[in-house]
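Below is the structure I would like to discuss, written out as structure tokens.
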């Protein structure tokens, strides 16, 4: 494997196929890298008590968020987050050309009821916990291509709603194996735009330079309490493809960040990539590992859910990029494509991972 | 309201905002209108016995499609349809840059398990029964913008899986009110491409010239057995916006075709548009009304489901365009954004509708 010597700031545009925006087998290099002009994160009490607690825009102590059931609570969470990101950007709902959103609930009801009052044309998307990657990918494409000037990409998840839907009612008090993850109660949103806010301020702007979109990968895992193992092969395939499509090495990025592989999936991913001579261990991070304190919060393998990568990205990763701690990251939300029905019918848990290349760029 | 006199073939590109591909409030006029180079439809026995029976590519008599449960049956249906459309286009799975797919089942399991073997990068989408509109919209954007040369857009639904999920188990034998629709067992797929197949043949090529993407519209309907009424306001808003964004009258189209409003929703839509001085009654069609014979098939208000508009489009509408019976249609799949959970919790049934402008163009 060739060493990426000297200046590793390759011109990814050169890798695009002539006449097309796409690069290699399954990537896109954006011609006019869209800006992330605002980001917002709202989380629940437990997430607020975790290591990233001080970074979130808002922590809501009431798990019902003032509503009558878990589903409406999650809708409210998404609504508040959408309002927050609009406020932070100084925009109104009518300034947004499209909203791209999704969640884990059947028929995306957290999204439908959460955003109905915004009256923005909407594309509902589903990629399980990789949904933020899909929403940001499509948002960046719409903006880069001139189909939109501003897109709002948003996802959410809620611990109690997810447990009720995928596992057991909370009242049942089931024991959780150590391979299980804890669904994050949280919603994260970004506004992707064709113009940056800080043209002359000297602040770092955040841009999306490219994407590698995932295939569904099924290694035959059947344990819904071990989703890290189910998703790691999908993350592996997408990250490897990103390296190949752009002819880069792991050191092209300051951080390579998966969504919610947790402690189990982390080790599998690192091993799978090592077998292909890619060592990401010195720059690897997982949102599910970052968001909770393993020792004090009893969250076992880590956090998960559509909200996990979304709030970690918007609260922590964007901040690190803005402050110059990192220049360039590969953000890879990961999803386990199961339902309670497919699980009960004895089906496998296929995985998917969507990679988004994010950079800090001087304003 | 100004009469659209003389040549009603307006140049929709003129309506686009300078520097952007978008037109008016929520539409896009494509610069390089993508081609639909192949289409396929596979349906169940009942759909095969309906008025469009002879037009489908395949009719599968076994409702289990050789599988052990309804969900796997629907996955198999989608897989067979994806294979069929690839075969009809003379393409392999590796020729397809992206697959955009969705279905009605929680967490889109019909799609995930149906397409896993194709190994194509995938965007899962959900817009209830409007999903084919969303999948074709995003497919056309990806191709028009040069992000893909070929995209496969696909949706499916299955009567028994939908009844089990949204209403009652079939064995319960519940009575269906006359406002209820019958979920279509079927899957429809198109391949959207930047190059047409029939450059010199003189045959009609089918192109997507523009789209108007829907907002979520909630008029407060709470009856999941009357989805036509729930979706009609969303269809109304999207169709009206299409007319306004392109400054056209209904006679711009030979047909204006909704997805599955059925007999109840049809009348509401026509009335709502009449109140705004748009009379579509002489060129209006609904896929849900076309697909079953009301008098002999006992399907009450008509067909519905992600598969309803998808198979009617691929089997019937494309054929009419190819044969020159129609030159230009507005295809408006309609969706009711409910889940069994939101319904049981007493929530409303919001609607959404995504309009796709489709034209026949001499090769």
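Every number here is computed from the coordinates shown, using simple stated rules; none is lab data. These numbers were taken from a predicted model, which means no experiment stands behind them. Please note: Cβ atoms are built from the backbone with ideal geometry, for glycine as well, and neighbour counts cover all protein chains shown.
Taking 0.36 nm per residue of sequence separation and subtracting the Cα-Cα distance, how much length would be gained by fully extending the chain between residue A:274 and residue A:62, in nm to one decimal?
72.0 nm
A further question on this structure: Calculate the mean, over all residues of peptide A:329-342, of how many other protein chain Cβ atoms lie within 10 angstrom of the residue's Cβ.
4
Please report the projected area of segment B:124-278's Cα convex hull averaged over all directions, in nm².
11.5 nm²
Right, next: Counting only C-alpha contacts under 8 Å and six or more residues apart, can you give the relative contact order of chain B as a whole percent?
About 24 percent, as a whole number.
Here's something else I'd like to know. Sort B:345-351, A:121-127 for me by packing, meaning the mean count of neighbouring Cβ atoms within 10 Å per residue, highest on top.
Going by the mean number of other Cβ atoms within 10 Å, highest first, we get A:121-127, B:345-351.
For chain A, modelled as a Gaussian network with Cα springs under 10 Å, which listed residue fluctuates most, A:265, A:133, A:24?
In this elastic network of chain A, the residue with the biggest mean-square fluctuation among A:265, A:133, A:24 is A:24.
Nearest 5 is fine: what % of DSSP beta bridges in chain B come out antiparallel, could you say?
Counting only bridges with both partners in chain B, antiparallel ones make up about 65 percent.
Given segment A:35-193, what percent of its DSSP beta bridges are antiparallel, to the nearest 5?
55 percent
Which percent of Cα-Cα pairs in segment A:266-363 sits in each 10 Å bin, short to long?
In whole percents, the pair-distance histogram is 13, 37, 36, 12, 2, 0.
Further question on the same structure: Given the Cα atoms of the protein assembly as shown, and with Rh set as the inverse mean 1/r over their pairs in the Kirkwood sense, what is Rg to Rh to two decimals?
That ratio equals 0.95.
Let me ask another. Can you quote the Å³ per residue value for the convex hull of the Cα atoms in segment B:30-72, rounded to an integer?
Value for segment B:30-72: 121 Å³ per residue.
Separate question: Express the relative contact order of segment A:211-363 as a whole percentage, based on alpha carbon pairs under 8 Å and six or more residues apart in sequence.
36 percent
Can I ask one more? Report the Rg/Rh value for segment A:216-316, based on alpha-carbon coordinates and the Kirkwood definition of Rh.
0.96
Just the projected area, averaged over all directions, of the convex hull on the alpha carbon atoms of segment B:149-197: how many nm²?
5.0 nm²
To continue, here is another question. Using a label point 7 angstrom from Cα along Cα-to-C-beta, what distances in nm, from shortest up, separate residue B:61 from the other copies?
For residue B:61, the other copies' label points sit at 6.7 nm, shortest first.
Follow-up. Per-residue mean of other chain beta-carbon atoms within 10 angstrom of the beta-carbon, peptide A:146-152?
Going residue by residue through A:146-152 and averaging, the value is 4.
If you don't mind, there's one more thing I want to ask. Where does each of A:65-71, A:239-245, B:284-290 land if you order them by average Cβ count within 10 Å, highest first?
Descending mean neighbour count gives B:284-290, A:239-245, A:65-71.
For peptide B:136-143, how many partner chain Cβ atoms fall within 10 Å of a residue's Cβ, on average?
For this peptide, the per-residue mean of nearby foreign Cβ atoms is 3.
Run through the other copies and list how far each one's label point is from that of residue B:178, in nm with one decimal, shortest first; the point sits 7 Å from Cα along Cα-Cβ.
Relative to the other copies, residue B:178 has label-point distances of 6.5 nm.
Something else: Restricting the calculation to Cα positions, tell me the Rg (one decimal) and the Dmax (whole number) of chain B in Å.
18.9, 58
May I pose another question? In deg cm²/dmol, rounded to 500, what helix-only [θ] at 222 nm does the protein assembly as shown give when every DSSP H run of at least 4 residues adds -39500 (n - 2.57) and the total is split over its residues?
-8500 deg cm²/dmol
Full-extension gain between residue A:54 and residue A:87, please, as 0.36 nm times their residue separation minus the C-alpha to C-alpha distance.
Here the answer is 9.9 nm.
Out of all DSSP beta bridges in the protein assembly as shown, what portion is antiparallel? Express it as a percent rounded to 5.
Just about 65 percent of them are antiparallel.
Here is a follow-up. Looking at chain A as a GNM with Cα springs under 10 Å, which of A:131, A:314, A:94 has the largest mean-square fluctuation?
A:94
Also, quick follow-up: Under the rule a/c < 1.5 gives rounded, and otherwise a/b versus b/c splits prolate from oblate, where does segment B:35-193 land using the Cα gyration tensor?
prolate
Then there's this: If you build a Gaussian network model of chain B, linking Cα atoms that sit under 10 Å apart, which residue out of B:64, B:132, B:227 swings the most?
Looking only at B:64, B:132, B:227, the largest GNM fluctuation is found for B:64.
At residue A:325, label 7 Å along Cα→Cβ: distances to the other copies, nm, ascending?
6.3
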